[in-house]
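The values are calculated or read from the model by the stated rules, or taken from the named source; none is laboratory data. None of these values were measured; they are calculated from a predicted model. A quick note on method: Cβ atoms are made from the backbone with ideal geometry, for glycine too, and the neighbour counts reach across all protein chains shown. SASA here: full protein model, heavy atoms, side chains in, ligands and nucleic acids out. Shrake-Rupley method; radii C 1.70, N 1.55, O 1.52, S 1.80 Å.
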Amino acid sequence: MPAEHSDALRAAWDEMIDRLGRAREALESPKLHAPPDAGPRDLAEGYRYLLGFVHSAVERAFFGDPAFPYFRRSIGVLDKATIDNADAMYLSTPVDGRFSYRITGRAQDSRHWRGEAPAPSGPIAPQYVIVEAHTGYAGDSGDLAELQPGARGKTGKLDSSELVVDDEGMFEILLAPERPAGHTGNFIATQRTSQRSGTTFYAEHVTVRFLFHDWEREESPELLIRRLDKVGEHPPALDPTTAAAALRRVGEIVDNQTRYWNKFYDVVLEAHGDRNGDGVTFMPRNDFNRPAGASLATGGGQSTNVYAGGVYDLADDEALLIDSEVFEPPAYMGFHLSNVWGESHDFANHVSSLNGTQAVRDDDGHYRYVVAHRDPGLPNWLDTTGLRRGFMAMRWTYPQPTDRLPTVTVRKVSFSDLVHHLPASTPRVSPEQRREQVRVRQEHVQRRYRQY
């Protein structure tokens, strides 16, 4: 190999390692908005979190080609982040919105997407599916300025309430700058023009979320994507110049993502205290903020979701009793716990999340949840997995906006007094029932994230 190629690759490698070292500083540096008072386990999980970005960045930098796209897991068991939803399979691929793409897929029994009852047994489609085209990838800039209007946004979306599926479960979605004349099928626009500036933006990424309710029966649809003018062709072979650029990109992604989300949690969500001086915190301690629709100002998220969030901080003998009333039935509902880095807890081996199928609704129509470090023997317990502090997030999906948003109230109580604050009709959960609950979760997560 000519010396200049070897030198270029070595230099790129060294730059990547330097950026990874800079990212590591974000695990402890107050200047980089690291979580304050992080304990030994928090720090250990922080190193795992950092390596999750490395895992994701390698695939994105070396294999993310908008000319030859494929859906990769943008969040999974190896790279959790961003206060992820334990009920979600997150998929993503880069695209070039100036060109046309076709997604083809096949879903199991999806009658519930149309408001019908599914078959009483057998596999079924996820509770909810949404495909969105975006002009940017959250966190890649490393700068909160990407939250400003016009910096990042959506060009089009399609969800399971609108998706046309044939009797065999097959569907196609065309993605293009504009819908072709005479086209009447599933369509997502990959360009948008700003009404303010007149500037045209093109999609750079397509994301997919499968949201699960019934962890025993629901299965991920099969999905393929192709750029229509590249079918049957192949990408160029890797060369030293392209490899060096990808190495630098790995370091850039990891460094920027780590710094961005630290600052996002601290400055935007105010997870560690009041930062704008208004006397309140957006993510309150041992409480929830008011449910509100997704917006770029608070990080974006799924465009059809209503979110509420907070931070739990509990001593061994304390618990949170959370009362939620849902007035309009959502297409999906979930409550999830995460660590201080925004990694969802180990939801396969702990009941650290509950969705609309798993949660028990009380006779008065309310959902009453308990967040605690140990099992209270109650149905709607969310397990902190022993972490004193972490994020709490509630999500409700409304394909069409609703005027009656859910409500959430929180009380911190003594663990031993929990039962005195609950309706007398609240059922009890035995250790055997809890083990069965975890068994279902373990098997579902293996199916959802299988590697073969």
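Quickly run through segment 101-158 and pick out the residues that are among the aliphatic types (A, V, I, L, M), surrounded by 18 or more Cβ atoms within 10 Å (Cβ to Cβ) and touching a residue at least 60 places away in the same chain (Cβ under 8 Å).
If the condition is that a residue be among the aliphatic types (A, V, I, L, M), surrounded by 18 or more Cβ atoms within 10 Å (Cβ to Cβ) and touching a residue at least 60 places away in the same chain (Cβ under 8 Å), then Ile103, Ala107, Ile124, Ala125, Val129, Ile130, Val131, Ala133, Ala138, Leu147 are the ones that fit.
For every residue, the table says whether it meets (1) more than 30 Å from Ala8 (Cβ to Cβ); (2) surrounded by fewer than 17 Cβ atoms within 10 Å (Cβ to Cβ); (3) over 24 Å from the mean Cα position of the chain (by Cα).
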{"site": "Leu223", "(1), (2), (3)": "yes, no, no"}
{"site": "Gly232", "(1), (2), (3)": "yes, yes, yes"}
{"site": "Pro235", "(1), (2), (3)": "no, yes, yes"}
{"site": "Asp239", "(1), (2), (3)": "no, yes, yes"}
{"site": "Tyr265", "(1), (2), (3)": "yes, no, no"}
{"site": "Asp274", "(1), (2), (3)": "yes, yes, yes"}
{"site": "Gly277", "(1), (2), (3)": "yes, yes, yes"}
{"site": "Arg290", "(1), (2), (3)": "yes, yes, no"}
{"site": "Gln302", "(1), (2), (3)": "yes, no, no"}
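For residues in segment 159-172 being touching a residue at least 24 places away in the same chain (Cβ under 8 Å) and part of a loop (DSSP other than H, G, I, E, B), which is surrounded by the most Cβ atoms within 10 Å (Cβ to Cβ)?
Ser160
Could you pull out every one of the strands (runs of 3 or more DSSP E) wholly within segment 189-257 that has 3 or more residues that are out of contact with any Pro (no Cβ under 8 Å at 6 or more places or on another chain) and touching a residue at least 12 places away in the same chain (Cβ under 8 Å)?
Fully inside segment 189-257 and qualifying: 205-211, 222-227.
For segment 332-356, which residues satisfy the criterion of being open to solvent by 30 Å² or more (accessible area, probe 1.4 Å) and either among the charged types (D, E, K, R) or touching a strand residue (DSSP E or B) at 6+ places or on another chain (Cβ under 9 Å) (or both)?
Listed by number, the residues that qualify are Asp346, His350.
Among the listed residues Glu270, Glu328, identify the single one that is surrounded by fewer than 19 Cβ atoms within 10 Å (Cβ to Cβ) and charged (D, E, K, R).
Glu328
Exactly one of these conditions fails for Ala86: (1) closer than 20 Å to Asp255 by Cβ; (2) among the small types (Gly, Ala, Ser); (3) touching a Ser or Thr at 6+ places or on another chain (Cβ under 6 Å). Give me its number.
Result: Ala86 passes all but (1).
How about segment 173-206: which of its residues are open to solvent by 30 Å² or more (accessible area, probe 1.4 Å) and among the polar types (S, T, N, Q)?
Residues satisfying the conditions are Thr184, Gln191, Thr193, Gln195, Ser197, Thr199, Thr200.
Take Arg73 and tell me if it is closer than 17 Å to Leu247 by Cβ, open to solvent by less than 90 Å² (accessible area, probe 1.4 Å) and of a type in the set (D, E, K, R).
In short, no.
Kindly indicate whether Ala67 is assigned to a loop (DSSP other than H, G, I, E, B) and either of a type in the set (S, T, N, Q) or farther than 21 Å from Ala203 by Cα (or both).
For Ala67, the condition - assigned to a loop (DSSP other than H, G, I, E, B) and either of a type in the set (S, T, N, Q) or farther than 21 Å from Ala203 by Cα (or both) - is not met.
Of the conditions (1) of a type in the set (Val, Ile, Thr); (2) free of Cβ contacts under 8 Å to residues at least 60 places away in the same chain; (3) surrounded by 16 or more Cβ atoms within 10 Å (Cβ to Cβ), Thr397 satisfies every one except a single condition; which number is it?
Result: Thr397 fails condition (2) only.
What number of residues in segment 36-64 are over 22 Å from the mean Cα position of the chain (by Cα), part of a helix (DSSP H, G or I) and in contact (Cβ under 8 Å) with a residue 40 or more places away in the chain?
Residues meeting the conditions: 2.
Can you tell me how many residues within segment 6-20 are buried (at least 16 other Cβ atoms within 10 Å of the Cβ) and within 32 Å of the chain's Cα centre (by Cα)?
The qualifying residues number 6.
Please go through segment 56-76 and pick out each residue that is among the aliphatic types (A, V, I, L, M) and in contact with a helix residue (DSSP H, G or I) (Cβ under 7 Å, 6 or more places away or on another chain).
Selection gives Ala57, Val58, Ala61, Ala67.
Mind counting the residues in segment 310-319 that are buried (at least 23 other Cβ atoms within 10 Å of the Cβ) and more than 22 Å from the chain's Cα centre (by Cα)?
Final tally of qualifying residues: 1.
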